[in-house]
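Okay, so here's the structure we're looking at.
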Protein chains: 2
Amino acid sequence: MQITRAGEYGVLGMMYLARRDDGAARKTAMIDEVSRAEKVPKSFLAKIFQNLARAGLVKSVRGAGGGFVLAKTPTEITVLEIVEAIEGKITFQRCKQDKPDCKHIGGCALCGLFEQAQGGLTDVLTRTTLDDLIKRQERIDTTHDHSAGRLSNSQKDAIVR
Amino acid sequence: MQITRAGEYGVLGMMYLARRDDGAARKTAMIDEVSRAEKVPKSFLAKIFQNLARAGLVKSVRGAGGGFVLAKTPTEITVLEIVEAIEGKITFQRCKQDKPDCKHIGGCALCGLFEQAQGGLTDVLTRTTLDDLIKRQERIDTTHDHSAGRLSNSQKDAIVR
DNA sequence: TTATTTTAGGACAGAATCAGTCCTATTTAA
DNA sequence: TTAAATAGGACTGATTCTGTCCTAAAATAA
């Protein structure tokens with residue numbers, strides 16, 4: 001169980017893609033664009049997007065004019081999917097996975113509790129879709145500052161180049 | 001955010017202590033005894049118990065006949081307290097802690113979500129006391145095998161020596 | 001065809017964390 | 001005074017994290 005930078009960057013990247021393709025036109029975004037917009041190391045982000053592509057969350061388009069697009073709509077993608085695509089299955093439940101018959105005294109109860117705690121965590125991440133996350137952000141943006149547009153200024157900068 | 005071996009061993013050690021001091025008589029248990037009973041490396045466990053002692057969850061008694069005792073009753077100790085005493089505050093909420101004004105596009109919503117997910121996790125661990133954990137284990141023991149006693153056989157072995 | 005632009009994937013590396021070990025105090029009981 | 005216990009610091013090998021870099025492959029544009 002962990003949420004690493006990679007997972008964090010992955011979600012941010014997905015949020016960028018989701019906000020970027022406005023309505024019907026699903027445009028690709030290059031790694032370079034995303035990395036500059038989200039201020040995340042480019043080659044690291046490239047690796048992360050490879051994982052997202054392999055997991056079928058984004059589609060990659062090679063060659064000039066290529067980049068990445070969401071493979072599904074934001075309402076169909078959960079945050080847990082994103083994170084697990086990058087970091088592997090989330091689990092901090094130890095003894096059971098290491099040895100099916102755990103020999104700890106009281107170990108089983110502990111495993112059970114950890115499993116439950118982990119459930120508390122993953123439930124939240126499963127219930128939240130990419131779309132939810134973006135709507136949250138929009139609420140924050142419109143109440144805290146006055147940029148009501150779909151793209152923030154730094155995103156526009158990144159696109160214009 | 002992580003649950004490491006150290007945290008796991010710590011909870012197991014605390015469970016051992018709690019099960020051991022039967023009723024009124026709060027007896028000390030040595031690291032050596034606990035480590036053999038729970039099959040956990042002794043010197044590692046010693047370090048872990050130092051943390052538990054510093055956090056005020058156990059009291060240490062030095063010298064011959066010494067060892068560790070719970071500082072409170074099992075109903076007053078939550079699993080989260082134990083884990084955090086060993087691993088430090090549980091948090092996988094990144095940007096906010098690193099830089100109070102997170103500059104990620106959509107970062108704030110993400111931070112919020114992570115905070116919420118973390119809450120889902122810690123809630124479970126806060127709500128579960130050491131006593132709850134032991135009762136869970138007793139239910140498992142009595143339904144799965146037929147050692148209905150307060151101490152398991154391996155615990156008795158550990159005490160008898 | 002060739003050059004250019006993009007991702008794919010593997011190798012590598014420095015830093016941090018994990019999971020311990022070991023050694024030397026220090027405290028206490030006998 | 002000796003033996004038995006914890007306290008605490010230093011150290012270490014293994015693993016994981018957080019990247020970078022380089023070459024290959026694919027697609028486009030000239």
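The values are calculated or read from the model by the stated rules, or taken from the named source; none is laboratory data. Fair warning: this is a prediction, and the values are worked out from it, not measured in the lab. Quick reminder, even Gly has a Cβ in these numbers, built from the backbone with ideal geometry, and neighbours come from all protein chains shown.
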Among (1) at pLDDT below 95; (2) touching an Asp or Glu at 6+ places or on another chain (Cβ under 8 Å) - the single one A:Asp22 does not satisfy: (2)
Hits in the stretch B:83-93 (condition: among the β-branched types (Val, Ile, Thr) and assigned to a helix (DSSP H, G or I)): B:Val83, B:Ile86
Residues (within 6 Å of DNA strand D (Cβ to nearest atom), among the small types (Gly, Ala, Ser) and more than 12 Å from B:Leu17 (Cβ to Cβ)) located in the stretch B:54-74: B:Gly63, B:Ala64, B:Gly65, B:Gly66
The stretch B:3-29 - residue that is more than 14 Å from chain A (Cβ to nearest Cβ), surrounded by fewer than 15 Cβ atoms within 10 Å (Cβ to Cβ) and in contact (Cβ under 8 Å) with a residue 24 or more places away in the chain and, of those, nearest to DNA strand D (Cβ to nearest atom): B:Lys27
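Do any helices (runs of 4 or more DSSP H) lying entirely in the stretch A:1-82 carry at least 2 residues that are over 30 Å from B:Gly7 (Cβ atoms) and basic (Lys, Arg), and which ones are they?
Working: elements: A:5-20, A:31-38, A:42-54.
Answer list for the stretch A:1-82: A:5-20, A:42-54.
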